[in-house]
Ligand SMILES: Cc1ncc(COP(=O)(O)O)c(C=O)c1O
Ligand SMILES: Cc1ncc(COP(=O)(O)O)c(C=O)c1O
Ligand code: FES
Ligand code: FES
């Protein structure tokens, strides 16, 4: 166990894996401490309990602003995956597992896993492929929708490539057809505006925007029929039983407030775009690299193939040189099969396997990105040399 | 939102609601801080991720010692209710909702709620009543078991009354009949030894023994067929998808180590018994009170009826005088119907409604208990006087 | 305790005029059939004015507080003024009640009205009758 | 990085003898069909002793490290000693490999054996042949 005492990465480290998880924001650390000090159970009627209840209510208001919904439209969960599973399985369970689900091949494992579980209950599932650009064509969604389609689930931006999906257009199409929409906004919350999304259900995960791991939230509209995954004491309006994660919820709210403010700031957005440009300019020294998605893309997420090296090998070498990046999504680290997202986009397996994802967050500096690009160029050259390939 | 900065109750407060939740142990606060500083995702292959992974593995070993199982038999969840729902619904989902569940009328809402959800999937459920003593008779369980009984779920000790259930005898009976056993050990973890339990599945919740809210664990034996509630990235051996709550898990492990050590200490156990005796001796000043369960009971949990007052009114008055107690379980606070546990024991509704629960934890001092008894005696007298009853 | 107004807390922790008036002119007893809470008022009335009043109550914290408050409000008032008290006014006097406490005000208004009615009709309640809350 | 032994980290970040021996006496090329990793060895052999050896490798971090390590271990050794190298010995020389890295040792042992065999048979590999790992 580490004995480091302060939050956040050590200064010699260049952490470019914010799409996997982010350091906890100082404001969130402070809120976590306040939450720990609230020792009562929010369900207890005494003042210690009521103090915890009021704090959770305050946090709910802040997260409601992030999600763009009424306070009582926020359901706190034990993470993004749980929020997603609740959205999909809860909706279909309430419909007694009747109806049809439309989703896409580039969704996160939580959506695809929940869709698979829904299928075992008898739900019909259509999984739409993306275009080679990494974007889902709304027309493909329109074609997939059937008269019995209950729910369409599409991510706001892809975690591996950063591709921003046309969720507003998809929502229009789905709503016109009488279907509900779930948007997995885990990657975009705190980076792109999600409050305006017209989707019915929206999932977020605190640790992706400066909160702590193991806390998420789902936007649930008034009147939506949803069956809980976790039954019991009636917390979260009956949608999620169990004593509330008071410190985690307070930290999520504090992180949301910081992130929402920052993401609305044009200077911050311009800085992120600048970081992306600097990284790509640095990497352009190398021959043959391929940026998987470079338009309609989050500035923060840069997915690049380096032909002639294995992506995991490159990530290991960068790690040993102090630069933390990932191969595709964190969940897939270590698994041998190439990314399901890149595969769905038609990227050949060897190119997919040579891919590394750089992702930025609020703590990323220009210097870090410039250094990371230099170290990457040098590392790719070294690996190509070991392989006897032209290192350029 | 409070601005108190240190963890734990304010010193003027007498907190006797540890069965609802406990202050976070200092060791757990420290571990939480270490967890927050581990900014990597345990699924990331870089060293920041691996450091988080190693910390979670270390915590898993500590929680395995609490639960008395192999490291890979520990599944971390987002709380006790989730662990319970995973145990029940996961087991029956894996059996394609065939088979029979035996449980009891005094279980926590999480068990009864999960049992209800299982029933909607077609599982046959038998709910056994307790004896008037508050204990489930193993013979009643034996009678309820059928050839198709897949699982028996009984709590280790009741959260409202403290009654310790004969779970070892019930496990023998169930195993002899070929059924699996789940024990809800949320109330006993860190107080009574749970590692020796021969049950197959055992649920615990961190915040009941000095950890933080929103973290739990389930003991799952090797080879047990269990379907996840939350599908996705394959974390927790595929039993619980989602980025791990690293700080919460580390805090749980630290709290478990402290609690396991303390609960094995005869001095600590004797002290808790002494606290119980002192409280009851103090309350004995009053006429007509009734201790709902006073044998085969946890020292920490004292459930007392005060005829002539409403329990919630007494709890409010104690709260205003700095003593925090609860009426039955925290989840039921504010609901008007009398406790399902006391009702199942045959306690008349008016006596059930006049009940208050005092519960102790590691921070409870003798002085606090003596003062609480005095304040309670005085408060009951005052309320009885308002009612024109003999206040004695 | 944020669930209660300061006035409710004050009367709850420090009730005024509990007990019974020794030679009461009238007694009124009302209960809420749903929650079981009950208030008994005994009062001395002279020249149409409540000269003394005491309460006994069994119930939730707010009901005890409101019973105590009621005695303070009513003492020295004319019976017509007491008859004019309604639930909204009780909520106001109590410094506000949360939605789930609000039926307490109905109980209090009912028992106040009953006191006036009983006095005019020359009857007394021995068992609680139901309030309309 | 806890996933790798210090020896593996050393050879991975600082590979020895990469490239090809100019006038190689023998070349051996082995690939793992499952993961696709490949090692090419070229060596100069004189009097039954490996006097010079270089590697080229494409693959996971451990495979690159082990390829580099192998050249250091083999250089100056007799062919019979090289033939005696087995996967367990490679694991040992690498300072330990985790279970999922272990097949790297098979790849390394295979390419070493192939080098000896090819030398004795006077053949050379141009395309990678599969290792038995
Ligand atoms: C016996 C028992 N089981 C389960 C639970 C649920 O635990 P949690 O609220 O942490 O989900 C509790 C406490 O709330 C409990 O006392
Ligand atoms: C797009 C997307 N959805 C869902 C998740 C799951 O979130 P969590 O790991 O917090 O459960 C993630 C990240 O892991 C993600 O990137
Ligand atoms: S709860 Fe009904 S009047 Fe008190
Ligand atoms: S992954 Fe197979 S040898 Fe490297």
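Is at least one residue of region B:151-163 surrounded by fewer than 22 Cβ atoms within 10 Å (Cβ to Cβ), touching a strand residue (DSSP E or B) at 6+ places or on another chain (Cβ under 6 Å), more than 30 Å from residue A:205 (Cα to Cα) and touching a residue at least 24 places away in the same chain (Cβ under 8 Å)? No, every residue in region B:151-163 fails to be surrounded by fewer than 22 Cβ atoms within 10 Å (Cβ to Cβ), touching a strand residue (DSSP E or B) at 6+ places or on another chain (Cβ under 6 Å), more than 30 Å from residue A:205 (Cα to Cα) and touching a residue at least 24 places away in the same chain (Cβ under 8 Å).
In this structure, does residue B:232 turn out to be surrounded by fewer than 20 Cβ atoms within 10 Å (Cβ to Cβ), more than 23 Å from residue A:243 (Cα to Cα) and either assigned by TED's automatic domain parsing to the domain that holds residue B:34 or in contact with a strand residue (DSSP E or B) (Cβ under 8 Å, 6 or more places away or on another chain) (or both)?
Against the criterion (surrounded by fewer than 20 Cβ atoms within 10 Å (Cβ to Cβ), more than 23 Å from residue A:243 (Cα to Cα) and either assigned by TED's automatic domain parsing to the domain that holds residue B:34 or in contact with a strand residue (DSSP E or B) (Cβ under 8 Å, 6 or more places away or on another chain) (or both)), residue B:232 does not qualify.
Counting just the residues of region A:101-120 that are more than 9 Å from chain B (Cβ to nearest Cβ) and not in a helix (DSSP H, G or I), which one comes out nearest to ligand 2 (Cβ to nearest atom)? In this case the residue turns out to be A:107.
Kindly indicate whether residue D:23 is within 13 Å of chain A (Cβ to nearest Cβ) and touching a strand residue (DSSP E or B) at 6+ places or on another chain (Cβ under 9 Å). So residue D:23 fails the test.
Looking at region C:97-133, which of the residues that are assigned to a loop (DSSP other than H, G, I, E, B) and more than 16 Å from ligand 3 (Cβ to nearest atom) is surrounded by the most Cβ atoms within 10 Å (Cβ to Cβ)? Selected residue: C:125. Could you tell me which numbered condition residue A:315 fails, if it satisfies all but one of (1) within 16 Å of ligand 2 (Cβ to nearest atom); (2) within 22 Å of the chain's Cα centre (by Cα)? Residue A:315 satisfies all of (1) within 16 Å of ligand 2 (Cβ to nearest atom); (2) within 22 Å of the chain's Cα centre (by Cα) except (1).
In summary, residue D:92 fulfils each of the numbered conditions (1) buried (at least 18 other Cβ atoms within 10 Å of the Cβ); (2) free of Cβ contacts under 8 Å to residues at least 24 places away in the same chain; (3) over 23 Å from residue A:388 (Cα atoms) with the single exception of condition (1).
With respect to the conditions (1) in a loop (DSSP other than H, G, I, E, B); (2) in contact (Cβ under 8 Å) with a residue 24 or more places away in the chain; (3) farther than 21 Å from residue A:339 by Cβ, residue A:135 lacks only one, and its number is (3). Consider region C:44-76 and keep the residues that are in a strand (DSSP E or B) and under 11 Å from the mean Cα position of the chain (by Cα). The one that is nearest to ligand 3 (Cβ to nearest atom) is C:57.
Only one of B:292, B:274 is touching a strand residue (DSSP E or B) at 6+ places or on another chain (Cβ under 8 Å) and either more than 14 Å from chain A (Cβ to nearest Cβ) or more than 16 Å from ligand 1 (Cβ to nearest atom) (or both); which?
None of the others qualify; the one that does is B:292.
In this structure, does residue C:55 turn out to be closer than 15 Å to residue C:72 by Cβ, crowded, with 16+ Cβ neighbours inside 10 Å, facing chain B (nearest Cβ under 8 Å) and out of contact with any strand residue (DSSP E or B) (no Cβ under 9 Å at 6 or more places or on another chain)? It is false that residue C:55 is closer than 15 Å to residue C:72 by Cβ, crowded, with 16+ Cβ neighbours inside 10 Å, facing chain B (nearest Cβ under 8 Å) and out of contact with any strand residue (DSSP E or B) (no Cβ under 9 Å at 6 or more places or on another chain). Checking each residue in region B:1-38 for being at pLDDT 95 or above, at the interface with chain A (Cβ under 9 Å from one of its Cβ atoms) and in a loop (DSSP other than H, G, I, E, B) picks out B:20, B:21, B:22, B:23, B:24, B:38.
The values are calculated or read from the model by the stated rules, or taken from the named source; none is laboratory data. Quantities reported herein were computed from a predicted structural model and do not represent experimental measurements. Here the Cβ is made from the backbone with ideal geometry for all residues, glycine too, and neighbour counts use every protein chain on show.
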